[in-house]
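The values are calculated or read from the model by the stated rules, or taken from the named source; none is laboratory data. Since the model is a prediction, treat every value here as computed from it, not as a measurement. We place every Cβ from the backbone using ideal geometry, glycine too, and count neighbours over all the protein chains shown.
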Amino acid sequence: MNPATMTSLVTVLVFVLILVTLIIKTAVIVPQKSEYVIERLGKYSKSISAGLHILIPFIDKIGYKRSLKEEVMDIPAQSCITRDNVSVTIDGVLYIRVVDAMKSAYGIENYYIAASQLAQTSLRSAIGKIDLDKAFEERESINSAVVQAVDEAAQEWGTKVMRYEIKDITPPANVMVAMEQQMRAEREKRAEIAISEGDRQSRINRAEGLKQEAMQISEGEKQKRINEAEGRAQEILLVADATAKGLEKVSGVINMPGGAEAMNLKVAEQFITEFGNLAKVNNTMIIPADLANIGGMVAAATEIIKGTSIAPCAGKSTPGQKPATPKAPESLGGFAVE
């Protein structure tokens, strides 16, 4: 190879290297969710977003690269004093996102450290305003207070604080023991109250049940007595009605032809039957003095029955007729004890 050819090859290689260098210096590809800060001769020129961009070689350069994604910052554990002078150790996590690459590059030296330190100081300030017991209950309000304090300052840094979360609150060991004892006593208190309320409700329920039972029993007894009284009254009325009808029929039969003879026969039969029953039961009997005059006694009983049957009409008389005078029964004779 002659010297002229060698010189031509070297020239071509140098030109290619210069061209590649220019392309590298001028063509910039920005990834998605990223933003680059471009400086021209050391001064801020512009901010470029995702895509292909051409810069002026040796004049423009990339000063800062910023990610627009939400970033997680771990806030180191720190000791905070509550309003009731109890020292607790609290650590948390901060979620932050860059919204303006230029402000994040020139507004502050390092927004990571600034946000972390401001979150710690804001947390100490928020914890100092509440008691230890409230610190466990009001995590949401503490988180909101930290976010509000950091976000106000972060606006000048081109960043946005999304949220802050407390990971853990660790009080001293002696305070933990006291809190456990307090919680145990509170649980025992609630248990005793629940037991007493249950016993009270149980007693009330039993008393109410006994009351309703007594009322139902009394109502049943009342209804039973009413029914029994109505039954007895109905029985009396039915017996009286039956007796009245029986007497009416007897009186009608007596006044019929042959009724008196039939009545005499019935009275004689009952007399003899009862007299025989009396002889079977007792050793001592009361007998009529004139035992042979049974017919006279039957006749006397018959006269009594007749007088009774016409007694309701005794006070009435037709014109020209004398009132009926009941005939005195014949004497049944004397009695002797044997």
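Counting only residues that are among the small types (G, A, S) and touching a residue at least 24 places away in the same chain (Cβ under 8 Å), how many does the range 164-185 have? Reasoning before the result, please.
Taking the range 164-185 and keeping what is among the small types (G, A, S), we get 173, 178, 185.
Subsequent filtering for residues that are touching a residue at least 24 places away in the same chain (Cβ under 8 Å) retains none.
Final tally of qualifying residues: 0.
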Complete set of residues in the range 50-80 that are exposed (fewer than 13 other Cβ atoms within 10 Å of the Cβ), closer than 16 Å to I166 by Cβ and in contact (Cβ under 8 Å) with a residue 12 or more places away in the chain: V72, D74, P76
Can you give me the ranges of the strands (runs of 3 or more DSSP E) entirely in the range 5-62 with at least 1 residues that are under 60 Å from the mean Cα position of the chain (by Cα)? 34-40
Residues within the range 76-102 that are over 16 Å from A154 (Cα atoms) and out of contact with any Phe, Trp or Tyr (no Cβ under 8 Å at 6 or more places or on another chain), tallied: 16
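Okay, residues lined up against (1) part of a helix (DSSP H, G or I); (2) charged (D, E, K, R); (3) exposed (fewer than 10 other Cβ atoms within 10 Å of the Cβ); (4) modelled with pLDDT under 90:
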{"position": "I204", "(1), (2), (3), (4)": "yes, no, no, no"}
{"position": "A207", "(1), (2), (3), (4)": "yes, no, no, no"}
{"position": "M215", "(1), (2), (3), (4)": "yes, no, no, no"}
{"position": "I226", "(1), (2), (3), (4)": "yes, no, no, no"}
{"position": "A229", "(1), (2), (3), (4)": "yes, no, no, no"}
{"position": "E235", "(1), (2), (3), (4)": "yes, yes, no, yes"}
{"position": "V239", "(1), (2), (3), (4)": "yes, no, no, yes"}
{"position": "T243", "(1), (2), (3), (4)": "yes, no, no, yes"}
{"position": "L247", "(1), (2), (3), (4)": "yes, no, no, yes"}
For a quick check of your reading of the model, give me the residue pairs whose first member lies in the range 132-156 and is touching a residue at least 40 places away in the same chain (Cβ under 8 Å), whose second is among the small types (G, A, S) and surrounded by fewer than 17 Cβ atoms within 10 Å (Cβ to Cβ), with beta-carbon atoms closer than 8 Å and at least 6 apart or on different chains. E156/G107
Hey, can you tell me all the residues within the range 166-191 that are surrounded by 10 or more Cβ atoms within 10 Å (Cβ to Cβ), hydrophobic (A, V, I, L, M, F, W, C) and assigned to a helix (DSSP H, G or I)? V175, M176, V177, A178, M179, M183, A185, A191
For the condition assigned to a helix (DSSP H, G or I) and either under 20 Å from Q148 (Cα atoms) or in the same structural domain as S144 (by TED's automatic domain parsing) (or both), what is the one hit in A105, A77? A105
Taking V161 as the residue in question, decide whether it is closer than 30 Å to A77 by Cβ, assigned to a helix (DSSP H, G or I) and touching a residue at least 12 places away in the same chain (Cβ under 8 Å). no
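So which residues in the range 107-134 are among the hydrophobic types (A, V, I, L, M, F, W, C) and over 15 Å from Y164 (Cβ atoms)? I'd like the intermediate steps shown before the answer.
Filtering the range 107-134 for residues among the hydrophobic types (A, V, I, L, M, F, W, C) gives 108, 113-115, 118-119, 123, 126-127, 130, 132.
Across the range 107-134, the qualifying residues are I108, I113, I130, L132.
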